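First comes the structure, then the notes that go with it.
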Amino acid sequence: GKIIDVNVSDRKCLFRFQALDTQLDDSQLEWVPWDLIRDQPPPAPADFRPKERGVVEVRVQAQPDEPHSWWQARVMMIKGDFCKVRYLGWDQGSDDVVDLADVRPSTGMPPRDRPMCAKHEYGLVGGMHSWLLQQCEQGTVTRELLSDVVRRAGLYSMLLIKPEPKITLIGFERPLSKARLMLDIHVKHQAELSRLHQEREALLQRRERLELSVREEVEVPREMLGLVIGKGGKHINHVKEATGVFSISTPPVGVEPPVVVIVGPSREAVAKAREMIDFGEVDLNVTPAAASRLLANSQEALRDLEERAGVVRASLVRNNRCLRLVGTRVSLEQAQLVVELELSYMENYESQQSELRKLSNATRRLPGGAAVVAAVTGAHGGGSA
């Protein structure tokens, strides 16, 4: 068994039959007087055979529901592989027949005045507690490492407890000091090894992702790089989030031609990301009359065009003879379509207005025609002299 807790004032120890565990079963625990606890003796010699009338120790259950333990007894008779023994310290009781395999040399009882062992709680920080629990549950080398500390330091036991970030050590002062020193070294190096392991796993995952990923290079005009990046990288982050691509890398200053590299999980994701960073600029020549018709209230109409087409910027340049559009290729196509359709409708509208004016003038020349024109055009809010 193993000691997992101590009560110095009562000189008792909480006894359990396992050295390292993460859960305690109350049915397997018992408070035992310190004076009845002995260190585990060395293994019996391979050729050991008890002698009659000699004192030995016998492995037996005191009660059917109790674990096996060792009891001092005197050998009364030996026959074959069995012997009859009489337990020492029992005032009453019959002799017992036991297997010789359950007999070992007697090591005697410990002195009653020997100093009691102590308990020390070793605190764990920086995620080491959860990591140790995980490693022990997986049956990895960490369990062997902790068992090695128990053995080499000479502890009675070491217990890694789930609810609290600590390790409980049971032993005498010198073994406790040695165990703390060993744990300091192990924790320091295991924390570093854990970090390296995590970095290795992350690197392997990213390497595998890169090996299976799609890569595309997009040449972008130098003056458009600011739009590709966005303020504080806002646009690149938006594109990555919207498309699921792994990375979008922009060229250093001075590198020509400026090439943006997109890496993503699929051709579809990369193509979508390319659409969102492929900025350009187009100039649409418009007559002053067309500009006046299309952009009567220039600033408001320009903002409306930006919103409808999704371009970044729309402006009139060259003395209002050119409509300059800046945006992604997709938004530029949409903006050109909007302008084309709007101008087409305006030309159609002007043609209809001109025909209506001619018809109105001709009708007015007829007797009573003026009243007819007034009634029709007034009802529809159109027409002119």
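Exactly one condition in (1) loosely packed, with under 13 Cβ neighbours inside 10 Å; (2) in contact (Cβ under 8 Å) with a residue 60 or more places away in the chain is not met by V255; state its number.
Status for V255: all satisfied but (2).
Collect the residues in segment 312-359 that are more than 30 Å from V372 (Cβ to Cβ), touching a helix residue (DSSP H, G or I) at 6+ places or on another chain (Cβ under 9 Å) and among the charged types (D, E, K, R), keeping them in residue-number order.
R313, R321, R329, E333, E342
Can you find a residue that is buried (at least 19 other Cβ atoms within 10 Å of the Cβ) and in contact with a Leu (Cβ under 6 Å, 6 or more places away or on another chain) anywhere in segment 280-289?
Here is the first cut: in segment 280-289, the ones buried (at least 19 other Cβ atoms within 10 Å of the Cβ) are 286.
Going one step further and asking which of them are in contact with a Leu (Cβ under 6 Å, 6 or more places away or on another chain), we end up with 286.
Yes, some residue in segment 280-289 is buried (at least 19 other Cβ atoms within 10 Å of the Cβ) and in contact with a Leu (Cβ under 6 Å, 6 or more places away or on another chain).
Kindly indicate which of R308, R303 is out of contact with any helix residue (DSSP H, G or I) (no Cβ under 7 Å at 6 or more places or on another chain), modelled with pLDDT of 85 or more and either closer than 29 Å to E275 by Cα or open to solvent by 70 Å² or more (accessible area, probe 1.4 Å) (or both).
On the way: R308 fails: out of contact with any helix residue (DSSP H, G or I) (no Cβ under 7 Å at 6 or more places or on another chain).
From the options R308, R303, the qualifying one is R303.
Go through segment 180-221 residue by residue and tally those that are touching a residue at least 40 places away in the same chain (Cβ under 8 Å) and among the hydrophobic types (A, V, I, L, M, F, W, C).
Count: 8.
V330: touching a Lys or Arg at 6+ places or on another chain (Cβ under 7 Å), among the hydrophobic types (A, V, I, L, M, F, W, C) and free of Cβ contacts under 8 Å to residues at least 60 places away in the same chain, yes or no?
Details: touching a Lys or Arg at 6+ places or on another chain (Cβ under 7 Å): no; among the hydrophobic types (A, V, I, L, M, F, W, C): yes; free of Cβ contacts under 8 Å to residues at least 60 places away in the same chain: yes.
No: the conditions fail for V330.
Take E342 and tell me if it is open to solvent by 70 Å² or more (accessible area, probe 1.4 Å) and either assigned to a helix (DSSP H, G or I) or hydrophobic (A, V, I, L, M, F, W, C) (or both). So that I can check it myself, show each step before the final result.
Numbers: open to solvent by 70 Å² or more (accessible area, probe 1.4 Å): no; either assigned to a helix (DSSP H, G or I) or hydrophobic (A, V, I, L, M, F, W, C) (or both): yes.
It is false that E342 is open to solvent by 70 Å² or more (accessible area, probe 1.4 Å) and either assigned to a helix (DSSP H, G or I) or hydrophobic (A, V, I, L, M, F, W, C) (or both).
If the requirement is being in a helix (DSSP H, G or I), of a type in the set (D, E, K, R), out of contact with any Leu (no Cβ under 9 Å at 6 or more places or on another chain) and open to solvent by 80 Å² or more (accessible area, probe 1.4 Å), which of these qualifies: R195, R215? Walk me through how you get there before you give the answer.
Numbers: R215 fails: in a helix (DSSP H, G or I).
From the options R195, R215, the qualifying one is R195.
Go through (1) open to solvent by 20 Å² or more (accessible area, probe 1.4 Å); (2) closer than 30 Å to E216 by Cβ; (3) in contact (Cβ under 8 Å) with a residue 24 or more places away in the chain one by one and return the number of the condition V263 breaks.
Checking V263 against (1) open to solvent by 20 Å² or more (accessible area, probe 1.4 Å); (2) closer than 30 Å to E216 by Cβ; (3) in contact (Cβ under 8 Å) with a residue 24 or more places away in the chain, the one that fails is (1).
So, P42, is that one modelled with pLDDT of 75 or more, over 21 Å from L176 (Cβ atoms), open to solvent by 80 Å² or more (accessible area, probe 1.4 Å) and not hydrophobic (A, V, I, L, M, F, W, C) or not?
Details: modelled with pLDDT of 75 or more: yes; over 21 Å from L176 (Cβ atoms): yes; open to solvent by 80 Å² or more (accessible area, probe 1.4 Å): yes; not hydrophobic (A, V, I, L, M, F, W, C): yes.
In short, yes.
Can you confirm whether segment 233-245 contains a residue that is at pLDDT below 90, open to solvent by less than 40 Å² (accessible area, probe 1.4 Å) and hydroxyl-bearing (S, T, Y)? Full working, then the answer.
Step one: list which residues in segment 233-245 are at pLDDT below 90, which gives none.
No, there is no match, as no residue in segment 233-245 is at pLDDT below 90, open to solvent by less than 40 Å² (accessible area, probe 1.4 Å) and hydroxyl-bearing (S, T, Y).
Name, by its number, the condition in (1) open to solvent by less than 40 Å² (accessible area, probe 1.4 Å); (2) touching a residue at least 12 places away in the same chain (Cβ under 8 Å) that does not hold for E173.
(1)
Go through segment 1-28 residue by residue and tally those that are modelled with pLDDT under 80, farther than 25 Å from P105 by Cβ and assigned to a loop (DSSP other than H, G, I, E, B).
Here the count works out to 7.
Which residues, counting only those in segment 218-251, are of a type outside the set (A, V, I, L, M), more than 20 Å from L332 (Cα to Cα) and outside any helix (DSSP H, G or I)?
G244, F246, S247, S249, T250, P251 - these are the residues of segment 218-251 that are of a type outside the set (A, V, I, L, M), more than 20 Å from L332 (Cα to Cα) and outside any helix (DSSP H, G or I).
Output the residues belonging to segment 266-279 that are surrounded by 15 or more Cβ atoms within 10 Å (Cβ to Cβ) and either hydroxyl-bearing (S, T, Y) or assigned to a strand (DSSP E or B) (or both).
F279
Can you tell me which residues in segment 68-108 are modelled with pLDDT of 90 or more, over 13 Å from E52 (Cα atoms), part of a strand (DSSP E or B) and open to solvent by 80 Å² or more (accessible area, probe 1.4 Å)?
Passing the criteria: only V97.
If you check A191, A242, A289, which single one turns out to be aliphatic (A, V, I, L, M), within 24 Å of L325 (Cβ to Cβ) and within 30 Å of the chain's Cα centre (by Cα)? Let's see the steps before the verdict.
On the way: A191 fails: within 24 Å of L325 (Cβ to Cβ); A289 fails: within 30 Å of the chain's Cα centre (by Cα).
Criteria check complete, one pass: A242.
With R180, R206 as the choices, which residue is open to solvent by 100 Å² or more (accessible area, probe 1.4 Å) and out of contact with any helix residue (DSSP H, G or I) (no Cβ under 7 Å at 6 or more places or on another chain)?
R206
The values are calculated or read from the model by the stated rules, or taken from the named source; none is laboratory data. Because the structure is predicted, anything quoted here is derived from the model rather than measured. Neighbour counts run over all protein chains shown; Cβ positions are idealised from the backbone, glycine included. Note: areas computed on protein heavy atoms with side chains; ligands, DNA, RNA excluded. Shrake-Rupley method; radii C 1.70, N 1.55, O 1.52, S 1.80 Å.
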